[in-house]
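For reference, the structure is listed below as structure tokens.
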Amino acid sequence: MEDKIRVLVVDDSAAMRSRIYEAMSAQERVECCHCVAGGTQAIDRLREGSYDVLILDLILSGIDGFSVLETASRLSGPPRIIVISALAQDSIVRKACDMGAYFYFLKPFSMEALVNRALEPLPGGVGVSERGAPRAAPVLPPVKSLDERIASIFLSVGIPAHIKGYHFLREAVKLVYAKRTLINAITKQLYPAVAEAFDTTPSKVERAIRHAIEVAWSRGKIENVNTIFGYTIYSKQEKPTNGEFIALIADKLLMDDLTRSEQTRVI
């Protein structure tokens, strides 16, 4: 009989905690699944009890996920650490893995895949419940599709998928990603191209994208925007124009492509 495991979930989203709790609690091998919202609570839990698996978001209130990761990896019997995050930069993924993360899932992710990673045995047949067992080599996420990468950015900055501006903005980013010069002809070429794809008008495209950006700013996730791009760009009082925001995301995607290509050549 396989050993039972104890799971700790750390995420500031109540909905995400609930989804993971339900998925984990349904597994016969899971003895218990505890959930907390903040980094301080997570560290207290880790110091008070023994966990076999830690499912951890990096963006937390108070103490951030990297601090929790560092604490967990230094325990005498460290848990298997699975990071779940909307942050897709290669540098952040590699930092998390270097600090002890076993796997890195980009949001949104497959709950079934998360459960499988949490329950799978370590290489060599070592069970995850054997505390102090050798940690598996860090596993980098597979290359995501363009739509998945854009969705990860939108999720991180707080643009909800149910509004029209989300879909218009995604199409605009994809068009500029494919043809950078379109950013210099937003009104004459970009908006009309998006409008044609969705059978609407350029003016409605412009307004919907503007609304999507305003929603993101109203949700107060400006620090996520600055984290994604690697430096401080905007404050709460400074909203980008449609063109600036589209260009920033397209440039981010292109720079990530270049970085990944250079790393591949080095390897």
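The values are calculated or read from the model by the stated rules, or taken from the named source; none is laboratory data. Small disclaimer: the values here were computed from a predicted structure and weren't measured. Cβ: placed from backbone, ideal geometry, glycine included. Neighbour counts: every protein chain shown.
What the table below lists for this structure:
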item	result
Single unsatisfied condition, A15 versus (1) aliphatic (A, V, I, L, M); (2) in a helix (DSSP H, G or I); (3) over 24 Å from E112 (Cα atoms)	(3)
Any chance E31 is at pLDDT below 90, acidic (D, E) and within 15 Å of A118 (Cβ to Cβ)	no
Boolean, L60 is within 17 Å of R117 (Cβ to Cβ) and under 17 Å from the mean Cα position of the chain (by Cα)	no
Meets criteria (surrounded by 18 or more Cβ atoms within 10 Å (Cβ to Cβ) and farther than 21 Å from S152 by Cβ) for G100	yes
Count of residues meeting criterion [surrounded by 19 or more Cβ atoms within 10 Å (Cβ to Cβ) and either outside any helix (DSSP H, G or I) or at positive phi (or both)] in segment 166-182	0
Those residues of segment 40-62 which are surrounded by 17 or more Cβ atoms within 10 Å (Cβ to Cβ) and without any contact (Cβ under 8 Å) to a residue 60 or more places away in the chain, in sequence order	Q41, A42, I43, R45, L46, Y51, L54, L56, D57, L58, L60
Only listed residue being touching a residue at least 12 places away in the same chain (Cβ under 8 Å) and in a loop (DSSP other than H, G, I, E, B), chosen from F109, F103	F109
First in segment 195-206 and in the same structural domain as K174 (by TED's automatic domain parsing) and of a type in the set (D, E, K, R), second anywhere and buried (at least 16 other Cβ atoms within 10 Å of the Cβ) and in a helix (DSSP H, G or I), Cβ under 6 Å, 6 or more apart	E206/Y191
Selection from segment 216-239 of residues that are surrounded by fewer than 16 Cβ atoms within 10 Å (Cβ to Cβ) and either modelled with pLDDT of 60 or more or outside the structural domain of A151 (by TED's automatic domain parsing) (or both)	S218, R219, G220, E223, N226, S235, K236, Q237, E238
Every residue from segment 72-96 that is crowded, with 17+ Cβ neighbours inside 10 Å and farther than 25 Å from I249 by Cα	A72, P78, P79, R80, I81, I82
